Each structure stands twice: as C-alpha cells, then as structure tokens.
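One structure below.
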Amino acid sequence: MSSAEIIKDVELANAPTPHESMDTVSVSGSGKGYVEGSPPDKKTKRTKPFIVLVAFCAALGGLIFGYDIAGAGATFVMDGFQYHFGWKCQDSDPTCVPATNNKINADQGFINGLFGAGAAVGALIGPGLADKYGRKMCLLVAAISFIFGASLQAAAPVISVMFVGRIFAGAGIGALSMCSPVYIAEVAPEHTRGMLSTLWQLSITIGILIASAANLGLQHWDNGWRISYGGNISFAFILLGSLLFMPESPRYLKAKGRDEEAREALARTRYEDELEEELEILAQECFEEKKLGVASWSEIFDVTNKMRYRLLLGIGLQTVQQLSGINAIMFYAPTILNKFFGSSQAIRGTFILNTINCLSTFITIYAVERAGRVRLLVSGGIIMMFALITTAILSSMTQTSSIGYGVLVFAAIYIVGFAYSWGPVVWTVCSEMFPLRARGKATGLTTFSNWTFTTIVGAVFPKASDASLSGCFGFFAVIILCGTVMVYLFQAETATKTIIEIDESFAKHQPKLKREKWS
Ligand code: BGC
C-alpha cells in the first residue's frame, strides 16, 4: 500500500475521539499550564504525510524481523549451506566425512535457539536504552547489532561464527521488536495510531514474503544461503539512514523535560494549528513521569494504576500469540505440507500461505480504528480456533493429497484470522496500553515473553508434531480459546484513546460476561 493510500484511509477512519472527563489531573509546565478538568478537545483529525513516512521507516525493523523468520530456516535444506558446514559431502570431495544426524540437529538447534535467546535478551536490553537515551538511540543500537550479527552469519567460514552472529542478530531484532512499535505508537496521532502501528506487522509479513520468494531462487546457488542470512542488512542500512531525519519521540522528550525539543519534534509531525493543543495533551500525559521519573522494575509489578493487571495482560497476549501456533506454521509449513504433497508443491503451498498472511494484514489497516482492538482480537481468535480444530481433525486422518488440500485451506483460514487480529493487534496494544513512565520496561517484558515462546515453539514443534500433528493443532486451539476469553473479559479498549484515557479505561474496566464496551 502506498503512503498516499494509507493517508486516504486515515482520513476515512477519522472517527470522533470521545474525551471522558478527568477530575484529578493537574498539570503544569505545558507552556500554557493545564490545570484540572477535561483535556482540550481535539477537533482536527488530520495526518501529516511526513508521519506516515516516519512510521514506514520505523517499520523497516519489521522487514528485518520477517525476512529472518522465513530466510534462516530455509537454508537448512539448501545444498550450498549443507556442503559449506559439512552436513553433506560433494561427490567431488572423496576425503569428506559428512556430519552425523546428531551434529546436524544440534547445529540447527543452536542456529534457532541462539537467535531466540539473543532476541529475548535484546528485548530486555532495549528498554534501558529507550528510556535513558531515547527511542531513536534504541533503534540505532539495535540496527548496528543486527548488521554486525548478520554480517558474521553471511560471511561465516565455520559454524561457530554463525552461532555468534545469530546471538547479535537476534539481540538486534529483539530490541527492534520492542522499540519500533513503541516509537510508532508514540509519534502517531491517536486517531491513526492503530493503523500506523499495523505497519509494523505489515512489514513483518512483507519481510517473510520477500525471503520466501528469494529462497525459491537462492536454493539453486551455492552461496545463496549467505543472502538468506544477510539480505536484510540492506533494510537495516536504510533504517540507519532514515534515523538521520526521523524525529525523536515527542513523548519521550517531553517526559524528560526537554520541552523545546519536544515542541520541535511535534511541529514536524503535526499541522501548525494542532500544535498547541497537542502540546497540552502531551504535558498531561508526561506529568506523572516528570514528577516521579521513569518507573523502576518493582513499580512495573505494582498494583497502582492497574500496572500489574496490564503487565500480566500484555504478557498473556504475547504468550497466546505465540502458543496459538503461528510460528509452527511459519517455520514448518513446508514440512507439514510435505506430509501430504511432494516437496515442490509444499514450497508453493507455503508461498501461498505467506502471501495470504501479508494481504490479510490490510484488513487490520482498514478495521483497527473502526472496529477497535477488542473486536478484532475476539473475532480473529474465534476464526483461528475453528480453523485449528478442523486442521487437527484432518491431520488425524490418512494423509492423502485431498486431505492435504483440506489442511492447506484451513491453515489459510487460520492465517487470515491471525493476520488481521492476533498478529498486528497484539503488537499495537502492547505498545500503547502502558503508562508512559512504565512503557519501556513493560513492553520489554511483553516482547521478551513473545521471543521466549517463539523459541520454545520452534524448538519443541518438530518433536511434538512427529508424536502427534493433530495433538499439536488441538493444543493451539485450546490456547487461542483461553486467549480469546482473556481478551473478552479483561482487555479494555484502547483504540483512538490518549494515554490518560487508556489509564481511565483500565481503572474502570470490570470483567463481565456481557461486555458493555466493545470500542
Ligand atoms: C509474530 C511473529 C510471526 C509473524 C507472522 C508476528 O506478529 O510476532 O512471531 O512470525 O507475526 O506474520
């Protein structure tokens, strides 16, 4: 989707933002000094094209992330990769002794596991950088760590260099996945925050698609695997270049008391007639952080301001996102489909699933402000659950190609459900639901849980699916059912709300069997 189309969509989605009354907030230091009462009503609902460009640039982190998801795993079956690391011998080399199966399995485990562990660590280091030195500094360090790691992987003369590269690349992607969504959520105006945040997920799915398309050709070239590991370095360089003109998050600057810089950053991303009003809202939002400073780790778990509640919810959302099986499909679709079809059909089937994954994300761009976060998560969760149950039943039957087509169709339905709901919306909600002073650390923890469970699913699924493929799908169905119920009962709606309104929504939210507020 071009920026022009997104901007057009943004204008269409400009539903009025209700401002609920605030009795307790008293803020000074906004320049005008906002004192008690309702926040200023935002009449204008326009989006500067520059903000869309900035969100696109930050979302490059998603491109790097997605490319790695689809790129790395595919190298395991590439001849060039197998020869280079001694997994297989070329006929022309009579002295070569191929690695044992145990060694190959261990190497694969390290390549996947060290990346996941690096990403989990990166997600925890990110908040320190983002809170202390700024969101841009976090993106900068993350991109450099990724470039370093990916260069080691692409150039790796021996497998141990590849392992070290996986740690640094993982750490970079982990920090990017913590910081990019937060940055986008903080620079975006409320009425387009969900839509622009969805660019993060859209980039992940485009990255997956680019890598899986590239792999179709790269597999035939001896050094193709180097591009599968290093091709996304180019996106990281574009991100580094973009940082030169991207503004720092005005929220971060204001919270740090750097008022003039906050004004300048905001002036670049808002129209002139909106500036004073936005600055006042910013002053309200940053009041707490200016007074109390960045929240400590112990405050993140505190019950005050429903912080613990929100943190558990965020961790729950990211955990369910992963334990509902998306990466079992993203990583292992060729292997699953291979049980029913030949390998080239399986690779084509995987490409179709990746395309569906990418295209379905546009549903979110259209619907995330209109329908709200909760509706998307609940409806998507129900679709995913039914698709998983059906896939579980089909996989328990004799593995013929007509059953295989059934599996492909229901896997596609599952992916549509995921790609418009639990994929993008979880990232969006986690980047917007926490109070500013706790945001870096809290999103660090939610992102950490995402990567921890990505790694666990990646490691356990091959063995578990050998034992029972249909059991695995059944397990994923139960998890997404639990996640959907959790959202229905506990998730307050955050769409189009300011940070203060989000605080209020959580404070007022009561779990009820019949939900009163959907959006
Ligand atoms: C998830 C990734 C997943 C991707 C698939 C993201 O939201 O976090 O783990 O591979 O969606 O599109």
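The values are calculated or read from the model by the stated rules, or taken from the named source; none is laboratory data. Treat the numbers as computed from the prediction; the structure is a model and nothing was measured. Note that we place each Cβ from the backbone using ideal geometry, even for glycine, and neighbour counts take in every protein chain shown. Surface accessibility is based on the protein's heavy atoms, side chains included, excluding ligands, DNA and RNA. Shrake-Rupley method; radii C 1.70, N 1.55, O 1.52, S 1.80 Å.
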Can you tell me how many residues within segment 460-489 are touching a helix residue (DSSP H, G or I) at 6+ places or on another chain (Cβ under 6 Å) and under 29 Å from Ala119 (Cβ atoms)?
16
Does any residue of segment 464-476 turn out to be under 15 Å from Gln318 (Cα atoms) and more than 17 Å from the chain's Cα centre (by Cα)?
yes
Look at Ile347 and say whether it is open to solvent by 40 Å² or more (accessible area, probe 1.4 Å), among the aliphatic types (A, V, I, L, M) and within 16 Å of the ligand (Cβ to nearest atom).
no
Give the residue that is farthest from Thr198 (Cα to Cα), with candidates limited to residues of segment 382-416 that are within 12 Å of the ligand (Cβ to nearest atom) and open to solvent by less than 10 Å² (accessible area, probe 1.4 Å).
Tyr414
Within the set of pairs 6+ apart or on separate chains, which have a first residue in segment 451-469 that is touching a residue at least 24 places away in the same chain (Cβ under 8 Å) and closer than 15 Å to Gly170 by Cβ, a second that is of a type in the set (Phe, Trp, Tyr) and open to solvent by 50 Å² or more (accessible area, probe 1.4 Å), and C-beta atoms under 7 Å apart?
Gly458/Phe331
What pairs can you find where one residue is in segment 54-73 and hydrophobic (A, V, I, L, M, F, W, C), the other is at pLDDT 95 or above and open to solvent by 20 Å² or more (accessible area, probe 1.4 Å), and their Cβ atoms are less than 7 Å apart, with a gap of 6+ or different chains?
Leu60/Phe235; Leu60/Ile238; Leu63/Ile206; Leu63/Phe235; Ile64/Phe235
All but one of (1) over 23 Å from Ser505 (Cα atoms); (2) away from the ligand (no atom under 16 Å from the Cβ) hold for Met433; state the number of the condition that does not hold.
(1)
So if I check each of Thr446, Thr452, which one is within 13 Å of the ligand (Cβ to nearest atom) and more than 28 Å from Thr390 (Cα to Cα)?
Thr446
Looking at segment 307-329, can you tell me whether even one residue there is open to solvent by less than 10 Å² (accessible area, probe 1.4 Å), more than 15 Å from the ligand (Cβ to nearest atom), more than 30 Å from Ile413 (Cβ to Cβ) and modelled with pLDDT under 90?
no
Filter segment 468-516 down to the residues that are outside any helix (DSSP H, G or I), of a type in the set (Lys, Arg) and over 19 Å from Ile382 (Cα atoms) and list them by number.
Lys497
With the requirement that a residue be away from the ligand (no atom under 16 Å from the Cβ) and touching an Asp or Glu at 6+ places or on another chain (Cβ under 9 Å), what does segment 196-223 give you?
Gln219, His220, Asp222
Suppose the filter is open to solvent by less than 10 Å² (accessible area, probe 1.4 Å) and modelled with pLDDT under 95; does Val426 pass it?
no
Against the conditions (1) open to solvent by less than 40 Å² (accessible area, probe 1.4 Å); (2) touching a helix residue (DSSP H, G or I) at 6+ places or on another chain (Cβ under 6 Å); (3) of a type in the set (A, V, I, L, M, F, W, C), where does Phe168 fall short? Just the number, please.
(1)
If Glu264 satisfies all but one of (1) open to solvent by 40 Å² or more (accessible area, probe 1.4 Å); (2) at pLDDT below 85, what's the number of the condition it fails?
(2)
Tell me, yes or no, whether segment 440-451 has at least one residue that is β-branched (Val, Ile, Thr) and farther than 30 Å from Ile300 by Cα.
no
I'd like the full set of residues that are surrounded by fewer than 23 Cβ atoms within 10 Å (Cβ to Cβ) and of a type in the set (Val, Ile, Thr), limited to segment 184-218.
Ile206, Ile210
Residues (closer than 20 Å to Ala477 by Cβ and of a type in the set (Ser, Thr, Tyr)) located in segment 336-388
Ser360, Ser379
Among helices (runs of 4 or more DSSP H) lying entirely in segment 41-135, which contain 1 or more residues that are away from the ligand (no atom under 16 Å from the Cβ), of a type outside the set (D, E, K, R) and modelled with pLDDT of 90 or more?
49-58, 79-84, 101-132
Filter segment 137-157 down to the residues that are surrounded by fewer than 24 Cβ atoms within 10 Å (Cβ to Cβ), of a type in the set (A, V, I, L, M, F, W, C) and within 13 Å of Ala169 (Cβ to Cβ) and list them by number.
Ile144, Ile147, Phe148, Leu152, Ala154, Ala155, Ala156
Run down Glu280, Glu289 and say which single residue is touching a helix residue (DSSP H, G or I) at 6+ places or on another chain (Cβ under 6 Å) and away from the ligand (no atom under 16 Å from the Cβ).
Glu289
Would you check if Leu353 is within 21 Å of Thr447 (Cα to Cα) and either in contact with a helix residue (DSSP H, G or I) (Cβ under 9 Å, 6 or more places away or on another chain) or crowded, with 20+ Cβ neighbours inside 10 Å (or both)?
no
